[in-house]
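S.K.: Just passing along the structure, written as structure tokens.
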Amino acid sequence: SVPFLICLFPSLLTKCVYLNFLAFPFFVDFGRPELLVNNTISLHLTTEPGVTVGIWHTVPGSRGAEAQGKEQRWYEEALADAHPVIIYLHGNGGTR
């Protein structure tokens, strides 16, 4: 009966394989990353009309003391300096 259900409802297979309807860890506010990760802020980028992507910007530990107490503008300027930027794409879970 399982193969019949998968043929009948193909979206059921993707839900079971990727489990993207689960947000783990539970009860975490991903809009406030400073509660989870040091020297991190939450930003939003508009990639195209109607599509906004939430990102976290984390500075390396070597700049941690410099980042203490800084506002969002400092983090944005830190992205524009000569230091390399690493982009980590975590997958399709729907959370950061």
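The values are calculated or read from the model by the stated rules, or taken from the named source; none is laboratory data. Bear in mind the structure is a predicted one, so any value in this text is a computation, not a measurement. Positions of Cβ are backbone-derived with ideal geometry, glycine not excepted, and every protein chain shown enters the neighbour counts. Heads up: the accessible areas ignore ligands, DNA and RNA and are worked out on the full protein's heavy atoms, side chains in. Shrake-Rupley method; radii C 1.70, N 1.55, O 1.52, S 1.80 Å.
S.K.: Full-extension gain between residue 79 and residue 48, please, as 0.36 nm times their residue separation minus the C-alpha to C-alpha distance.
M.R.: Details: separation 31, 0.36 × 31 = 11.16 nm, distance 2.07 nm.
Contour length minus the Cα-Cα distance gives 9.1 nm.
S.K.: Once the cut-off is 12 Å, how many percent of the Cα-Cα pairs in segment 27-79 end up in the long-distance tail? Present the calculation step by step, with values, prior to reporting the outcome.
M.R.: Details: 907 of 1378 pairs.
Everything past 12 Å amounts to 66 percent.
S.K.: Would you please give the FRET efficiency between residue 5 and residue 34, computed as 1/(1 + (r/R0)^6) with r the Cβ-Cβ distance and R0 = 30 Å, to the nearest 0.05? Let's see the in-between values first.
M.R.: Working: r = 44 Å, r/R0 = 1.47.
Result of the calculation: an efficiency of 0.10.
S.K.: Continuing with the same structure: Computed from the coordinates I sent, Cα Rg over 2.2 N^0.38 Å equals one of (i) 1.60; (ii) 1.48; (iii) 1.35. Tell me the label.
M.R.: The value computed from this structure is option (ii).
S.K.: Ok, one more. So, for segment 6-68, what is the accessible surface per residue at a probe of 1.4 Å, expressed in square angstrom?
M.R.: Details: 4780 Å² over 63 residues.
For segment 6-68, the solvent-accessible area averages 76 Å² per residue.
S.K.: Whole-Hz Karplus ³J(HN,Hα) for segment 56-63, in order, using 6.51 cos²θ - 1.76 cosθ + 1.60 and θ = phi - 60°, x for Gly and Pro?
M.R.: For segment 56-63, the Karplus-derived couplings read 10, 10, 10, 8, x, x, 5, 10 Hz, x marking Gly and Pro.
S.K.: In debye to the nearest 20, how big a dipole does segment 27-79 give about its Cα centre with +1 on each Lys and Arg Cβ and -1 on each Asp and Glu Cβ?
M.R.: On the way: 4 positive and 7 negative charges, 22 e Å.
Using Cβ point charges on Lys, Arg, Asp and Glu, segment 27-79 gives about 100 debye.
S.K.: Here's something else I'd like to know. From largest accessible area down, sort 41, 55; use a 1.4 Å probe on the protein chains.
M.R.: Working: 41 25, 55 50 Å².
These residues rank, largest area first, as 55, 41.
S.K.: Scan around residue 55 for amide H atoms under 5 Å from its own, H built in the peptide plane at 1.01 Å from N, and keep only partners 5 or more places away or cross-chain.
M.R.: Amide H to amide H, under 5 Å and 5 or more residues apart or across chains, residue 55 pairs with 43, 44, 45.
S.K.: Right, here's the next one. By accessible area of protein heavy atoms, probe 1.4 Å, what ranking do 18, 88, 75 get, highest first?
M.R.: Working: 18 130, 88 180, 75 10 Å².
So the residues, ranked largest to smallest area, are 88, 18, 75.
S.K.: Determine the relative contact order of the chain: mean sequence separation of Cα pairs under 8 Å and six or more apart, normalised by residue count, in whole percent. Each step should come with its number before you reach the end.
M.R.: On the way: 72 pairs, mean separation 26.0, N = 96.
For the chain, the relative contact order is 27 percent.
S.K.: Still on this structure, I have one more. Relative to the Cα centre, what is the charge dipole magnitude of the chain, using +1 at the beta carbon of each Lys and Arg, -1 at the beta carbon of each Asp and Glu, and rounding to the nearest 20 debye? If you can, show how the numbers build up before the last one.
M.R.: Working: 6 positive and 8 negative charges, 70 e Å.
Using Cβ point charges on Lys, Arg, Asp and Glu, the chain gives about 340 debye.
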